[in-house]
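The values are calculated or read from the model by the stated rules, or taken from the named source; none is laboratory data. Because the structure is a prediction, the values reported are computed rather than measured. As a convention, Cβ positions derive from the backbone with ideal geometry for all residues, glycine included, and neighbour counts pool all protein chains shown. Note: accessible area is taken over every heavy atom of the protein model, side chains too, but ligands, DNA and RNA are not part of it. Shrake-Rupley method; radii C 1.70, N 1.55, O 1.52, S 1.80 Å.
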Amino acid sequence: MEKDEYFNAGYGSVLNLRGEVEMEASIMCGQNLNVGAVTLVKKFLHPISIAHKVLTDSPHSLLGAEGAELFALEKEFPTVPPESLISENAKKALEDFLQHGVFGRTEIGIENKADVGTVGAVAIDENGNVAVATSTGGMSGKAVGRIGDTPQIGSGTYADNHIGGVSTTGHGESILKYCLAHSIIKLMEGGLSADEATKTAVEGMTSRLKNTAGAITLSKDGDVGMHFSSNRMAWAYIKSNKIFYGINKDQELVDDYVN
Ligand code: ASP
């Protein structure tokens, strides 16, 4: 998905005020609470793979900017020219933003096509191991060096085998003030279902901070939660050989899933 320009991650990431891609990603393992995250990455196609390497091969949890890139080089990740990550749609989105955007209040869109969105994935295996990964280009028109919620564990990503897993998207400055992913986890720990917890925390954040977000959640028992206060959020999940998906409010489509 980081290769697909219809997602705001890797190639097709949205641009900062200087017209550059600066990517962020995080990953968490619910079995041992191990984490790996990177931020301000400019010349690699797959920040999530670097974040995973931080999880497996580094004594640290979050590496940023030059340090993240030095680590990636040391681990032999191939570099790409930073300009090769810039899509025409991301350029157009920055131009639109510069003309009439307000940071945090402008939904990023590609005309007549699906909105581009951060990539979040939440999974549970047959042994009950929960894993969550989130990868983003951030928000169009962000300042150079701005860091959002995605690489911050507890805001963009959280996983705990004892409770479940969450990945979030939306206005990073609000999500990180509210520790949105961990807020959902705490509500589930207190007894709410994945769906109730996700709705309560997302709406709670929006009513308190007046900005929008979305989250996808799995409980330790495999129950799905999903909610967004933005106009749209592309989502999909697979359960019992069916794929459920949607993008607009109250839209839930179902097809058979052939693996
Ligand atoms: N949450 C991301 C950020 O603020 C953006 C997004 O999810 O679309 O960096």
Legend entry - Two-decimal log10 I(q)/I(0) for the chain, as the Debye equation yields it once each C-alpha is a single scatterer, q = 0.12 Å⁻¹: -0.66
Legend entry - Span from the the stretch 131-175 Cα centroid across to the the stretch 203-229 one, whole angstrom: 12
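Below 10 angstrom from the Cβ of ALA65, what's the summed charge of the other residues (Lys, Arg +1; Asp, Glu -1)?
Cβ neighbours under 10 Å give a net charge of -2.
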Inset, instruction - Quote to one decimal, in nm, the extra length available between ASN127 and ASP255 on full extension: 0.36 nm per residue of separation minus the C-alpha distance between them. - result: 43.4 nm
Inset, instruction - Pairs of Cα atoms under 8 Å, at least six residues apart: use those to get the relative contact order of the stretch 142-201, whole percent. - result: 29
Inset, instruction - Give the cross-link partners of LYS186 among the aspartates and glutamates, using a straight C-alpha distance below 18 Å as the criterion and excluding same-chain residues fewer than 8 apart. - result: ASP149, ASP160, ASP195, GLU196, GLU203, ASP221, ASP223
Legend entry - Using a Förster distance of 25 Å, the FRET efficiency for SER61-LYS92 (Cβ separation, nearest 0.05): 0.10
Legend entry - Helix-only mean residue ellipticity at 222 nm for the chain, each DSSP H run of n ≥ 4 adding -39500 (n - 2.57), per residue, nearest 500: -8000 deg cm²/dmol
Inset, instruction - Please work out the ratio of the alpha-carbon Rg of the stretch 160-224 to 2.2 N^0.38 Å and round it to two decimals. - result: 1.01
Legend entry - Efficiency of FRET between LYS186 and LYS75 - r from beta-carbon atoms, R0 30 angstrom, step 0.05: 0.30
Legend entry - HIS46 - accessible surface, heavy atoms, 1.4 Å probe, Å² rounded to 10: 70
Inset, instruction - For SER230, enumerate residues with amide H under 5 Å from its amide H, sequence gap 5+ or separate chain, H modeled in the peptide plane. - result: ALA213
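Ignoring ligands, DNA and RNA, what percent of the accessible area of the chain is carbon or sulfur (1.4 Å)?
Reported share for carbon and sulfur atoms: 51 percent.
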Legend entry - Cα-based reach from LYS53 at 26 Å (exclusive), listing lysines while leaving out same-chain residues under 8 positions away: LYS3, LYS42, LYS43, LYS75, LYS220
